């Protein structure tokens, strides 16, 4: 497992993996260490970019700053002993506690009520100075009684039993809202949150993107692991820099033209068959398209600032149409059908290229596989999961 530590990088980058006891923190995702050890090829970099929910048994923890933080890997047992759809922080057997038994400090600005078996939001009126409130991993069924907390900047309701977004109108100072791992079916009743910068709605039952037109300041939107079929209604998000739509049912890249400031786009594990609709995303730096049905690399003519390109686990037979991507640093093309060494010429202008994943392509059968990559791409420092030793 030495390679685990090798995956550590800056928290602002997508590759962020480190040991934490018996768990691995993978960008925002947590996964049991023994499970990851058992997974062949688990350390492919495309997994690191999955938006909460794209690694299906995980958990998001924003406070580690998370570029995402606790990701999706929850404590759920992978072997089936635990219901994978059950919230990670609570169990069906737990009964709610009375809020009167919980001591609250009126002077506290960062209030942490994680996994306290809270069944109803009440009695929080004393928290007039609170800037952040975390109610994650409780038994909350309804958003209510928060009207008096008008100074809140961050509200975390991750991993509860909430069915509807409601009663948030008075939280006009709110900048970050996390209602991931709940039972939401619609994005609604958020019109008053005009200062919102980060919205996390991962792993719900949302079927469409809607009611976001008021969020001109929104910078990060996470909608991974829902039931979304169409990319739509994003035109008002002029400040958006990060969009995560992994593990949905999207079959077409479209309606992204207004997102001129977008730098990270993740649409892994969907039903995309063609790279298109990205021509206006001239500031895009990281593009994650793994686990789709893409056959041809195309449509990237205007995305010259790309530093990370992930097209792993698709149906690509040829590396082409990327010779102009001179700023590439990481290129993930594992689990495709690449068989010609001459294809690597497409990467020769990427002088800062450091990481290349080509494993599980026909190329890998060549006994000189690693040596040929090193000769063709002398700047590379990591081939697949292994660093090059000089």
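The values are calculated or read from the model by the stated rules, or taken from the named source; none is laboratory data. Just so it is clear, the structure is predicted and the values come from calculations on it, not from any experiment. Positions of Cβ are generated from backbone atoms using ideal geometry, with glycine treated the same way; all protein chains shown enter the neighbour counts.
So residue 176 clears everything in (1) more than 16 Å from residue 109 (Cβ to Cβ); (2) surrounded by 16 or more Cβ atoms within 10 Å (Cβ to Cβ); (3) in contact (Cβ under 8 Å) with a residue 60 or more places away in the chain except one condition, right? Which one?
(1)
Return only the number of the condition from (1) in the same structural domain as residue 352 (by TED's automatic domain parsing); (2) part of a loop (DSSP other than H, G, I, E, B) that residue 265 does not satisfy.
(2)
Return yes when residue 243 is without any contact (Cβ under 8 Å) to a residue 24 or more places away in the chain, out of contact with any helix residue (DSSP H, G or I) (no Cβ under 7 Å at 6 or more places or on another chain) and in a strand (DSSP E or B) and no when it is not.
Values: without any contact (Cβ under 8 Å) to a residue 24 or more places away in the chain: yes; out of contact with any helix residue (DSSP H, G or I) (no Cβ under 7 Å at 6 or more places or on another chain): yes; in a strand (DSSP E or B): yes.
So residue 243 passes the test.
Is at least one residue of region 203-221 within 17 Å of the chain's Cα centre (by Cα), outside the structural domain of residue 294 (by TED's automatic domain parsing) and not in a loop (DSSP other than H, G, I, E, B)?
yes
Checking the structure you have, find out if any residue of region 115-122 is under 16 Å from residue 153 (Cα atoms) and either surrounded by 13 or more Cβ atoms within 10 Å (Cβ to Cβ) or modelled with pLDDT under 95 (or both). First the steps, then the outcome.
Step one: filter region 115-122 for residues under 16 Å from residue 153 (Cα atoms), giving none.
There is no residue in region 115-122 that is under 16 Å from residue 153 (Cα atoms) and either surrounded by 13 or more Cβ atoms within 10 Å (Cβ to Cβ) or modelled with pLDDT under 95 (or both).
Looking at (1) out of contact with any helix residue (DSSP H, G or I) (no Cβ under 9 Å at 6 or more places or on another chain); (2) part of a loop (DSSP other than H, G, I, E, B); (3) surrounded by 16 or more Cβ atoms within 10 Å (Cβ to Cβ); (4) without any contact (Cβ under 8 Å) to a residue 40 or more places away in the chain, can you tell me which one residue 232 breaks?
(3)
So, in region 377-390, of the ones that are touching a residue at least 12 places away in the same chain (Cβ under 8 Å) and assigned to a loop (DSSP other than H, G, I, E, B), which residue ends up surrounded by the fewest Cβ atoms within 10 Å (Cβ to Cβ)? Outline the logic, then answer.
First, pick out the residues of region 377-390 that are touching a residue at least 12 places away in the same chain (Cβ under 8 Å): 377, 379-388.
Still in the running and assigned to a loop (DSSP other than H, G, I, E, B): 377, 379-381, 384-385, 388.
Details: 377: 20, 379: 14, 380: 19, 381: 14, 384: 22, 385: 18, 388: 12.
Step by step, filter region 377-390, then rank; the result is 388.
Do you know which residues across region 125-148 are closer than 23 Å to residue 200 by Cα, touching a strand residue (DSSP E or B) at 6+ places or on another chain (Cβ under 8 Å) and in a loop (DSSP other than H, G, I, E, B)?
Result: 130, 131, 135, 136, 138, 139, 140, 146.
Determine whether region 185-198 contains at least one residue that is over 24 Å from residue 311 (Cβ atoms), outside any loop (DSSP other than H, G, I, E, B) and not assigned by TED's automatic domain parsing to the domain that holds residue 322. Please lay out each step first, then the result.
Within region 185-198, the subset over 24 Å from residue 311 (Cβ atoms) is 185-198.
Applying the additional criterion that residues be outside any loop (DSSP other than H, G, I, E, B) yields 198.
When the remaining residues are screened for being not assigned by TED's automatic domain parsing to the domain that holds residue 322, the result is 198.
Within region 185-198 (the criterion being over 24 Å from residue 311 (Cβ atoms), outside any loop (DSSP other than H, G, I, E, B) and not assigned by TED's automatic domain parsing to the domain that holds residue 322), the answer is yes, since at least one residue qualifies.
Are any of the residues in region 336-349 under 30 Å from residue 232 (Cβ atoms) and modelled with pLDDT of 95 or more? First the steps, then the outcome.
We begin by selecting, within region 336-349, every residue under 30 Å from residue 232 (Cβ atoms); these are 336.
Checking the rest, the ones that are also modelled with pLDDT of 95 or more come to 336.
Looking through region 336-349, at least one residue is under 30 Å from residue 232 (Cβ atoms) and modelled with pLDDT of 95 or more.
Can you tell which of 286, 327 is over 16 Å from residue 255 (Cα atoms) and touching a strand residue (DSSP E or B) at 6+ places or on another chain (Cβ under 7 Å)?
On the way: 327 fails: touching a strand residue (DSSP E or B) at 6+ places or on another chain (Cβ under 7 Å).
Matching residue, one of 286, 327: 286.
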